[in-house]
Structure formats: structure tokens, C-alpha cells
1. Can you list residue pairs whose Cβ atoms sit under 6 Å apart, with the first residue in the stretch 155-177 being of a type in the set (Asp, Glu) and the second being surrounded by fewer than 18 Cβ atoms within 10 Å (Cβ to Cβ) and not in a strand (DSSP E or B)? Count only pairs 6 or more apart in sequence or on different chains.
2. Can you tell me how many residues within the stretch 37-56 are charged (D, E, K, R), touching a residue at least 12 places away in the same chain (Cβ under 8 Å) and over 13 Å from Gly12 (Cβ atoms)?
3. Go through the stretch 127-155 residue by residue and tally those that are crowded, with 24+ Cβ neighbours inside 10 Å, hydroxyl-bearing (Ser, Thr, Tyr) and under 24 Å from Ala363 (Cβ atoms).
4. Does Leu216 satisfy being under 17 Å from Tyr270 (Cβ atoms), out of contact with any Lys or Arg (no Cβ under 8 Å at 6 or more places or on another chain) and either crowded, with 22+ Cβ neighbours inside 10 Å or free of Cβ contacts under 8 Å to residues at least 60 places away in the same chain (or both)?
5. Without any contact (Cβ under 8 Å) to a residue 40 or more places away in the chain, in contact with a Leu (Cβ under 6 Å, 6 or more places away or on another chain) and surrounded by fewer than 18 Cβ atoms within 10 Å (Cβ to Cβ): does that describe Glu282?
6. If a residue counts only when it is over 19 Å from the mean Cα position of the chain (by Cα), which helices (runs of 4 or more DSSP H) contained entirely in the stretch 176-227 have at least 1 such residues?
7. Taking the condition within 20 Å of Ala355 (Cα to Cα), among the hydrophobic types (A, V, I, L, M, F, W, C), surrounded by fewer than 17 Cβ atoms within 10 Å (Cβ to Cβ) and at pLDDT 95 or above, does Ala124 pass?
8. Does the stretch 292-307 hold any residues that are in contact with a strand residue (DSSP E or B) (Cβ under 9 Å, 6 or more places away or on another chain) and within 14 Å of Ala148 (Cα to Cα), and which are they?
Amino acid sequence: MHRKLRMGQIGGSLDAFIGAVHRRAATFDNEIELVCGVFSQSPEKSRATGKALYLPDNRVYESFEAMILAEKELPEGERMDFVSIVTPNHMHFPPARMALENGFHVICDKPMTLNLQEAKDLAAIVEQTGLVFGLTHNYTGYPMVKEARDMVRNSKLGKIRKVVVEYPQGWLSKYEEGNNYKQAIWRTDPTKSGAAGCMGDIGTHAENLAEYITGLKIEELCADLTTFVPGRLLDDDGNVLLRFEGGAKGVLHASQIANGEENSLKIYVYGELGGLEWHQMEPNTLHYKTQEGHRLVRPSVGELSASAKAHGRMPAGHPEGFFEAFANIYRNFAFAVKAHMNGQQRDPLYDFPSAQDGVRGLAFIDTLLASNASNEKWTKFVE
């Protein structure tokens, strides 16, 4: 197959932040084109978005059900190949399930579903259909994150002993959901966001990043969640002790009431032989430390692992950031879909988060909540 993949989008109207990010990331590498969509529950908003994106009127739909059924009836040379789901959390599972059951591949924003049971059900459907499912834990797309993972894999750090990961933000320091702020309204509403607030929104990013880089799964945790802002229904701050398989210990901190912070995701990994440090807001630099010294690992030719090189786009010294990392997820997903269409095996060099990562994320949320409500110190991580 030698053509662009055709994407349909669910959610992401003109006034939605993340929808535009997904569209730009999807088209970054010229592997994907947007051909249809239902961009809002409001037909007027959906039509306005479709018009702004230069889509024909008959490819802008009023519901995801209508889009999936109509696209399925189109000739193979016209219909969408996959759907991109960028809705609030409560609207991830229904369109993902319907798309897969009607033969379309799916890429979905995180967390994968509203709750753990939905996540397990969706993972089972992915397994049954054999179709490609991707989850946009976009921080795994950074070249230096790939390099960190490969350094751990290649025993540059030795056996992992300690993992510290933090994601402080400050945008919910006040009761923003009372100010007609759309992003705050749905993210703090348990019927739309799920049972966790801050920890579901950004704590899952921290959990996913820690497991991705170290290759270790969390086995037990001890959580202390707090809602600081009066009137808020969900947690806006969390502190978690972690126990990983193999004996490593960890600390995870996520907050949306950390005044003055933006998206300050950081991770520190320490092993018997050395340590790593990476900051999302300075993504081109990875710190590698040992008792003998400290060096910076940057995207210079000849210095990085094959995986890191495959996900870098610019010569050393030119910053790469959020869009490029997001685009790596979409590009790798596109490669997997094309391989599926051609009856070929995926190239493991071009990885992306899967449905199983989505299940881990929802299990992490459930375990956090159980731990926070328990008088026991430790709660076992159960998927």
C-alpha cells in the first residue's frame, strides 16, 4: 500500500485544545490525512470545524455512530482507515468499541476509558479483532525518553533501585470549574473524567513514563490523595510510594494546585551503576550520572541508540518538543496500521502505547483510590 492513511476524528472542535494537537501531530509526517469527522456533540460546532478544516459537508457527521456506519459503506478507496478519539474520558469507550467492531483501527487519548472494566473490555475487543489500537501517552515519543529506556535495557544503570517521577501543574489552584472554563469543568466532573481528577489526568502520565523507561511494573503502592480547593469533587494533588517488581522503590507526585508550575514532568531513575534524569520542559537533554562524573546526553549523531535516532527529527542544537513527540506516536501508529494492511509484522523500533498500557493506567487509578481509602499501608496493584 503506497498512500496516506485516511483518518476520521471524533471530538476536537475548534475551541478544544487537544484536538488541534492531534490533527497537527497526525499530519506531521505526511503519512495521514484527515478525511472526515464528528467534532462536537453540537452539530453546529461540528459543521463549523469541518468547514474550517476544508472537509466536504457530507464527510462531517452529527454523531460517531453515523460516521462509523456511513464510512463503512463507502468504497474501500474512499472510506477512513482509522479513527482518532479526542473526547472527554467518558466518551472514549463507546466510539472505540464501535469502530473496532466495524473494522476500523483506533488511536485514543488517555486515559483509555472511564473505568477499569471498560478498559478490560476494550482490550479484549482489540485482541479479538486483531486491529491496531494506539494510546497517546505522548511523553513516550520523546527521543531522550527512548534513549533513557534503552540505557536501562542495556544495563548502563545496573539493577534499578529507585525511581522518582513528578508532574506538578498549577492551573487548577483556584476553583476554575466555576468560571465557565471548559477544560476545568469536565476534568473535575467524575461523570466525565472518571473516579480520579489530578491522578487520572496527569498521574497516569507519570505512572506510564516510569514503567516505560524502567521496564518494571508497579506491584504495590501507598497513596495519599487530597482535594485542596473547596467545592471540587475530585483529587487535585497526590503523593504515592511505589514498590516495583525486582525490588526497586519509588515516589510519584502529581499536583494541579502547585502554584506557578506549568507542565513540569520530571523523572529520576537510579541503579547500582548510575542514574538518569529527564525534564519534559527541557526535553532535548538527558542527564547521565555516576559517582565518577556527570554527562549530558543530547541528540548528536553517532551518540544515541537506534530507537532514539529513529524518533529524532532535527540536527543537534535545534529544540524538539511536544508536537514532535506527539507526531512520533501517530507516525508509529500509522506504520503499524500499514503493516497490518500489508500482512506484515510491525517494526518494534517504532513503538507506541497499547491497549495493555491503557489497562495499566486504569488499574493504577483504582489501586490509588483503594489505597487512599484504606487504613493499610500498602495496596497490591491488581489489573
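The values are calculated or read from the model by the stated rules, or taken from the named source; none is laboratory data. Note that this is a predicted model, so its numbers are computed, not measured. Using ideal geometry, Cβ is built from the backbone for each residue, glycine included, and neighbour counts are taken over all protein chains shown.
1. From residues that are of a type in the set (Asp, Glu), the pairs are Glu177/Ile185.
2. Of the residues in that region, 1 qualify.
3. 3
4. yes
5. Numbers: without any contact (Cβ under 8 Å) to a residue 40 or more places away in the chain: yes; in contact with a Leu (Cβ under 6 Å, 6 or more places away or on another chain): no; surrounded by fewer than 18 Cβ atoms within 10 Å (Cβ to Cβ): yes.
For Glu282, the condition - without any contact (Cβ under 8 Å) to a residue 40 or more places away in the chain, in contact with a Leu (Cβ under 6 Å, 6 or more places away or on another chain) and surrounded by fewer than 18 Cβ atoms within 10 Å (Cβ to Cβ) - is not met.
6. Per the criteria, 182-187, 190-193.
7. In short, yes.
8. Step one: of the stretch 292-307, the residues in contact with a strand residue (DSSP E or B) (Cβ under 9 Å, 6 or more places away or on another chain) are 294-298, 303-304.
Matches in the stretch 292-307: Arg295, Leu296, Val297, Arg298, Glu303, Leu304.
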